[in-house]
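Asker: The structure is given below, and queries will be raised subsequently.
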Amino acid sequence: MKTLPLYVTLYMTFLQKPKYHIYALTGFLVYILCTLTVNKIYFRLSGIHPGDGVPINTAITYYIAEAAFCAFLAYLLSLPLLWVIEKNSDFSRFRGAMGARVLAVFVVVQVAYTLMLWPVLSSFYQLIIGKPIKIEKFMRILNMTYFAGMYLIWMFTVVTVKLVQYLKQEKIKQLQLENNLRDSQLNTLKGQINPHFMFNSLNNIRGLILEDTGRAREMITRLSEMLRYSLTKNGVNTIPLKDELQTVENYIEISRIQFEGRLHFTMEAAHDTLSIPIPPMVVQMLIENAVKHGIGKLPEGGLVRLVTTITPDNFLHIGVLNSGRLELEKGGTRLGLENIKKRLFLIFGDKAKFTLKEKEGFVEACIILPLA
């Protein structure tokens, strides 16, 4: 049996589940039958309510028809209220305005229910009983509180179920994240401490010792910082962006020994982005792909540009552009990109985005992360 992707099963709403509609309609009907219809039938059979000469069988028929219509109307009007609840029930980012929207729609639904209920019940009563229905205003107001209570019970049930689902989903995501971090630890270290990069760097530094001892010492320091960073940050989920940018600078400076004048690098990091937490080694992996698979294939070299900004809609935008064409090779490149996508989803869910495209002679990799 084919299973649905994780992001589909996590965010499927009640409105998309056929079973919910069956349960909701049945629940409203059972609630009204048990709390209203049964009482009316009991009062009629016991003689507490005389019935104005209406035969018992006819009265019972009306009571059941009344319950069926009330349940159907309650279910029908619960759909827009459910839609609003699901659009405003992100427990990870819940705000007071979300609750206010739900409350406003709840009031509108109550008013709509009252306005639609009595004309139809009057028609049912006239059709079944044979005379106009007589209900005092006080009883109509009392019935409003009854139906409001019914909707509150329904809302409490829906929110409770969604909260339980959310907690389960968060637990599953946390377990998946922990398992992913453990299972991919060796692959991540392999990507961070690439044997070819290490070999080339040490050879280049060895040659640099004879030419420029001071710079060779600096490159050894930068390489040791990269190794320390990869080992100390590998066990955490997020780090400040500024720490990642330091590793990027170390990687670029070491790569410049090999590429010499062919590698041009610019970085434009907005100051208000430096303390924002991001997954470790994500930006460094994008830079490494840009240098290795972009600049490395251009005899004349090219430009790698890193830009970090906060978008107007309050997201962190990380863009890495490099000269060249988009060519996804099998193996390391594709594995690295899939690893980035998976880590972003497990940490941020569907709020994070990763795109890779070619545009006007440049390859652009873009990561968008939520700030809250």
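Asker: Could you tell me whether any residue of the range 74-87 is loosely packed, with under 14 Cβ neighbours inside 10 Å and modelled with pLDDT under 85?
Answerer: Yes; the residues of the range 74-87 include at least one that is loosely packed, with under 14 Cβ neighbours inside 10 Å and modelled with pLDDT under 85.
Asker: Among (1) farther than 17 Å from residue 36 by Cα; (2) modelled with pLDDT of 80 or more; (3) aliphatic (A, V, I, L, M); (4) surrounded by 15 or more Cβ atoms within 10 Å (Cβ to Cβ), there is one condition residue 164 misses while meeting the rest; what is its number?
Answerer: Of the numbered conditions (1) farther than 17 Å from residue 36 by Cα; (2) modelled with pLDDT of 80 or more; (3) aliphatic (A, V, I, L, M); (4) surrounded by 15 or more Cβ atoms within 10 Å (Cβ to Cβ), the odd one out for residue 164 is (4).
Asker: In addition: Looking at the range 316-330 only, could you name the residues that are surrounded by 17 or more Cβ atoms within 10 Å (Cβ to Cβ) and over 16 Å from residue 360 (Cβ atoms)? Reasoning before the result, please.
Answerer: Step one: filter the range 316-330 for residues surrounded by 17 or more Cβ atoms within 10 Å (Cβ to Cβ), giving 316, 318-324.
Listed by number, the residues that qualify are 316, 318.
Asker: Being among the polar types (S, T, N, Q) and at pLDDT 90 or above is the filter here; which residues of the range 276-309 pass it? Full working, then the answer.
Answerer: Initial filter on the range 276-309 (among the polar types (S, T, N, Q)): 284, 289, 308-309.
Matches in the range 276-309: 308, 309.
Asker: Follow-up question, since we're still on this one. Need the failing condition index for residue 244 against (1) modelled with pLDDT of 85 or more; (2) surrounded by fewer than 20 Cβ atoms within 10 Å (Cβ to Cβ), just the number.
Answerer: (2)
Asker: So residue 206 passes all but one of these: (1) open to solvent by 30 Å² or more (accessible area, probe 1.4 Å); (2) modelled with pLDDT of 85 or more; (3) of a type outside the set (Ser, Thr, Tyr). Which condition number does it fail?
Answerer: It is condition (2) that residue 206 fails.
Asker: Show the residue pairs meeting these rules: Cβ distance below 7 Å; 6+ apart or different chains; first residue within the range 243-262 and within 12 Å of residue 287 (Cβ to Cβ) and in contact (Cβ under 8 Å) with a residue 24 or more places away in the chain; second residue of a type in the set (Ser, Thr, Tyr) and in a helix (DSSP H, G or I).
Answerer: 247/229; 254/201
Asker: Answer yes or no: is there a residue in the range 282-303 that is in contact (Cβ under 8 Å) with a residue 60 or more places away in the chain, farther than 24 Å from residue 201 by Cβ, open to solvent by less than 50 Å² (accessible area, probe 1.4 Å) and among the β-branched types (Val, Ile, Thr).
Answerer: For the range 282-303, residues in contact (Cβ under 8 Å) with a residue 60 or more places away in the chain, farther than 24 Å from residue 201 by Cβ, open to solvent by less than 50 Å² (accessible area, probe 1.4 Å) and among the β-branched types (Val, Ile, Thr): absent.
Asker: Only one of these conditions is not met by residue 311: (1) over 21 Å from residue 247 (Cα atoms); (2) crowded, with 20+ Cβ neighbours inside 10 Å. Which number is it?
Answerer: Going through (1) over 21 Å from residue 247 (Cα atoms); (2) crowded, with 20+ Cβ neighbours inside 10 Å one by one, residue 311 breaks only (2).
The values are calculated or read from the model by the stated rules, or taken from the named source; none is laboratory data. In this text the structure is predicted, and so the values were computed from the model without any measurement. Cβ coordinates were reconstructed from backbone atoms using ideal geometry, including for glycine residues, and neighbour counts include every protein chain displayed. Surface accessibility is based on the protein's heavy atoms, side chains included, excluding ligands, DNA and RNA. Shrake-Rupley method; radii C 1.70, N 1.55, O 1.52, S 1.80 Å.
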